[in-house]
Ligand SMILES: Cc1ncc(C[n+]2csc(CCOP(=O)(O)OP(=O)(O)O)c2C)c(N)n1
Ligand SMILES: Cc1ncc(C[n+]2csc(CCOP(=O)(O)OP(=O)(O)O)c2C)c(N)n1
Ligand SMILES: [Mg+2]
Ligand SMILES: [Mg+2]
């Protein structure tokens, strides 16, 4: 194990994949300035700065991906993806299908998001659910340095377009990363803590809140299982259903706004496929249905906190007991 | 009552609101060509053709809305909204909040979608869930000619940006519209049929499938309640929860792809707030997680049909009986 | 050109008889398609848009498989999934067709980037309309291609219409090619109804792109003689304008000039028409007799 | 200009001391802001972007409320919700600030449409950067404003940088104003570090927009003397380029010329600096002492 930030883990993943495969290249607004070590190793043709134009960055990635390259594009912050939606959704997401399978789009779009930088809703908007709802795309949102590296490597190797979200609050916090080749498969959740009374499902920064809540709950004799989805699409239904069948209670947590957030998909799937196992209402804890403010105090309050998660878990466990004795 | 198509009902709503309020105007790619009666009545300044550029159409609407006008923009087909996401989501949706309430954005964006024209996923993509997940926006998707008219009038009068989706399969099918002033409030569902055994919740074209299924079910002695949401955001939680508390079973139906579709929000909310009332797993019937094909046979097969809806309702009713006797 | 014209007219007639879906025909624009495509090498790549039949047929597409695609049949170029509006035929080098106006512009630089990175000397031709030139992505695509020195021949088929909006309602300038200078690249306007002129201009432009690896913006001035999308009664079209362009029909003009120069005889012209008719009879029969896709296809080709 | 410079330098210092969040300062670009804003009428409307302090202060914004906004306090222009990057002050006519690069361009034509429909003779000024000129929305906004004859003075503050990318990496041309001709409108480039020249050019341009109700593209050539967003060590900036622009500091230049002409004395200059310092002392104290927004504000102002 070595210790590094997710930001550096991303750099390492890029370097390793570029070494392994000459068709991998990366471009974006400033990536060549910020990652000059990669320019030094791979040359200016494979790490490129671009004009300030997200649409053509994403479109160029899609055109290149369909014709033999494996581009990684840095689109900076998630709200800027709004300028690249046609290229990501209509081209990369649909032209494989509409062409009857003539093309594939092995590309990765990186975008930062989430509370942590105090710059407001035009930089901080958790839109992973948009992309999960867009056929043809995969969606990744890691919580650990090791996963940033391992999932990015898998995303680059995947033959589908991947929207890869970077939670800014995590990006510069050092964590452990295994030495040597480290690849994490897409679509597999990580059970961060096993438990038997309640299942906490989350991804990105709120996984930390779930772990803190689980700690608190443990002290009270409540055993919480914490699942980190890591990949939002395809998501690991199996792992979540197995856990809920064991615990009978589900709390879903994410920073994205609650309404039509990805937590709804998780809750709905469980309400359909593990209904009989449920011993309490499914609870979602999520950001409010509001843009994120810049003001530090408001930005922090937007994110579901460990206390609230523990509270929801407690209620679920209590309610289930009432139901069981009714 | 008079009989007219939703297309004409939209024209009537526009004309009435433009007569009522001199700040209402409409523009889009070809609207002045297609609705020349409105040009004749209101002049070329208030019904305008635009250059082919969705971003600036939506942005101009947002800028105008914030400074005293009430624009309605015709963005043609929903996939073209991908070129207008910054303007709709980051500007119209967020600048009220980010400015601390200095501006409001009374505007309506119209977009067609859904199976019916055989032109594939770049014209037919049901993305209402994206907008429901975007704070600051409202989302409307009517199923009857009367609602097309009445909801458009409310949307124009509303002080918030509204994404108004037109299901192409419905647009040219005549229906009844009340004479005189007819305004339908946003956020109120319509109970299209009352019933006691199972609740079918839907919107747009699949409401018709639900009604047909309810007919079939009635003949078998199963009483289905059919709720037409009409407004997706804010949606009428109260009506749905009340119905499920009565019937104990919920089937949610829409044409949009299942994964992270709006049906998930409905199911998740019910699994949280009416959990104890549920007597069967919540079932979602939705389009597959795939783009829509052009080929007529595939396009039709994409949409949940009455048979499947009736089948899901039957299973729900049967399962609940099993549970009740277990 | 005659094959394209007849294909489109039959397609419109077939729609009118309820035997096939509506299409965006390129009637009147055949010289632009044929002139440009004839100037390209076989290994050059082409991106087109919703009005693609001319580009595809000029590139040698099988009219049977093309009509089968329009009809949504399993034997079409895209297995019926595309239908008329996004027909790609990778085997012909006609790739990534998008019906999003501007989609082709967003994708072309990336295709040219692949060519560049592989070190090939192919060029990429991107057909788009005067309407697409109003989309922001036009600006972004030309600029990126210029800054990154990508070998793209941008061909703007300026047919004076953007669906139901006249070009004059959408821009103050007359030419689109003159916008090239904003990106530091070369541009040129050519009479798009004169196939010889288009061929000459496209040959020169393609040679420049191939040699310099820099983009070039070629504008072919032409006209959409039928409506936007079948059916379209063109009630909104100025009659004098339409008539003046009908008088400049590119096929009639070519026939007249070939007959006059003696390169074509009346008998030869009739023979061409006959051969085209026979080929299209077979093509339309093939398409109409082709099977529908199986319902499994609903979810195939979504993920690789 | 001195107020702007000092505000920004104190803001950077305050960030370095951990007392306020990072900002995009406009150090080096003060002449562009002051020259243009001085050319406008009080009832003209302004749209700006992430680098807005110059425009706001030139328009008379209260530095205390501005710094309170940067610090995310309840007393800021936007109640702390905006923070530094999207400060609007409707009371000053500085509206719809967006930190999405190009956002201001997308909104300006609509504001001008409102003005036009009301029949007023105000004009709308839209400040954006050379980076924004690369976004497709630049193309769409200028084109729409031209076709619809909207009174927008587009002001491109070309400061040679787009965050961490040099302008030369993003376009082949040197001027942005020359793109005006692609839209059939007028454009002009002016030395953005010479406040008198900017004022003269902006006055002329504003008068043209007011009289003709047609958009105009004015480009002020200037330079971002501090980094993109605090902190920024400018390690990636060419030292010679930075030095040459530092030698052309707009404030030093103005001071020198005023001293030379006798319009300003050394004592007068010192007095200005003292007044500015006092004002900013009070402003920064006001901001730092201001309360945070209440947590209820999380969900206010979402829907009207
Ligand atoms: C982004 C987008 N906006 C609108 C449309 C609807 N539409 C299809 S073709 C067309 C006109 C295109 O005009 P032009 O680019 O000149 O091409 P032409 O049809 O004249 O060949 C329009 C508006 C679309 N397909 N995509
Ligand atoms: C759509 C979008 N893309 C990227 C960014 C990140 N970003 C903020 S400022 C900036 C540079 C802008 O350059 P320019 O327009 O020249 O303005 P300047 O900062 O030089 O004043 C970038 C890339 C953004 N805010 N919005
Ligand atoms: Mg055209
Ligand atoms: Mg700049």
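Can you work out the PRE-style zone for residue D:175? Point 7 Å along Cα to Cβ, and I want the residues of region D:128-156 with backbone N under 15 Å. Answer for region D:128-156: D:156. Quotient of the Cα radius of gyration of region C:145-302 and 2.2 N^0.38 Å, N being its number of residues: 1.36.
Between helix B:54-65 and chain B there is an angle of about 80 degrees, using the helix long axis and the longest principal axis of the Cα atoms. Helical runs (DSSP H, four residues minimum) scored at -39500 (n - 2.57) apiece and divided by the length of chain C put the mean residue ellipticity at 222 nm at -13500 deg cm²/dmol. Taking chain B as the reference, fit the longest principal axis to its C-alpha atoms, fit the long axis of helix B:306-325 to the helix C-alpha atoms, and give the angle between the two in degrees, 0 to 90, nearest 10. Helix B:306-325 sits roughly 40 degrees off the main axis of chain B.
With the highest mean first, a sort of the peptides D:138-147, D:64-73 on other beta-carbon atoms found within 10 angstrom per residue produces D:138-147, D:64-73.
A Cα-only calculation for the protein assembly as shown places Rg and Dmax at 30.3, 100 Å.
Note on region B:1-85: Cα-only Rg and Dmax are 13.0, 39 Å. Diagonalising the gyration tensor over the Cα atoms of region D:143-187 and scaling each eigenvalue by 5 before taking the square root yields semi-axes of 24, 11, 8 Å, largest first.
Note on region D:88-138 and region C:62-84: Cα centroid distance 46 Å, given to the nearest whole angstrom. Dividing the convex hull volume of the alpha-carbon atoms in region B:190-325 by its residue count gives 101 Å³ per residue. When the alpha-carbon atoms of region D:46-117 are used, the pair Rg, Dmax equals 12.0, 38 angstrom. From its DSSP helices (H runs of at least four residues, each -39,500 (n - 2.57)), chain A gives a residue-normalised ellipticity at 222 nm of -11500 deg cm²/dmol. Kirkwood hydrodynamic radius of region C:43-168, from the reciprocal of the average inverse Cα-Cα distance over all distinct pairs: 14.9 Å. The spread of Cα positions in region B:218-259, taken along each principal axis and listed from longest to shortest, comes to 33, 24, 17 Å. Note on region B:101-186: Cα convex hull, mean projected area over all directions, 6.4 nm². Sorted fewest first by neighbouring Cβ atoms within 10 angstrom, B:314, B:20 come out as B:20, B:314. With contacts taken as Cα pairs under 8 Å and at least 6 residues apart, region D:169-280 reaches a relative contact order of 22 percent. Over region A:213-291, all Cα pairs binned in 10 Å intervals from 0 give whole-percent P(r) values of 18, 49, 30, 3, listed from short to long. Computed from Cα atoms alone, the Kirkwood hydrodynamic radius reported for chain D is 19.7 Å.
Taking every Cα-Cα distance in region D:203-242 and sorting them into 5 Å bins starting at zero, the pair-distance distribution P(r) comes out as 5, 18, 18, 11, 8, 9, 12, 12, 6, 1 percent. Expressed per residue, the C-alpha convex hull volume of region A:52-115 stands at 72 Å³. Each of residue C:258 and residue C:275 was given a label point 7 Å from its Cα along the Cα-to-Cβ line. The distance between the two points is 0.9 nm.
Under 12 Å from a label point 7 Å along Cα→Cβ of residue D:243: give me every residue in region D:140-174 with its amide N that close. Within reach of a label on residue D:243: no residues. Counting Cα-Cα pairs of region C:190-264 in 10 Å increments starting at 0 gives whole-percent bin shares of 16, 33, 29, 19, 2. Compactness check for region C:11-50: Cα Rg over 2.2 N^0.38 Å is 1.55.
In region B:2-177, inverting the average of 1/r over every pair of distinct C-alpha atoms gives 16.0 Å as the Kirkwood radius.
Remark: region D:94-135 is approximated by an ellipsoid whose semi-axes, taken from the C-alpha gyration tensor as √(5λ), come to 22, 9, 8 Å, largest first. A label point on residue A:157, set 7 Å along the Cα-to-Cβ line, lies at 6.0 nm from each of its counterparts in the other copies, closest listed first. At the listed q of 0.08 Å⁻¹, the Debye profile of chain A, built from one uniform point per Cα, gives log10 I(q)/I(0) equal to -0.37. The separation of region B:215-248 from region A:222-300, counted between C-alpha centres, amounts to 25 Å.
Relative contact order of chain D, taken over Cα pairs closer than 8 Å and 6 or more residues apart, is 24 percent.
None of the figures in this text is laboratory data; all of them are computed from the coordinates on show. Here the structure is a predicted model, which is why all the values come from computation and not from measurement. Cβ: placed from backbone, ideal geometry, glycine included. Neighbour counts: every protein chain shown.
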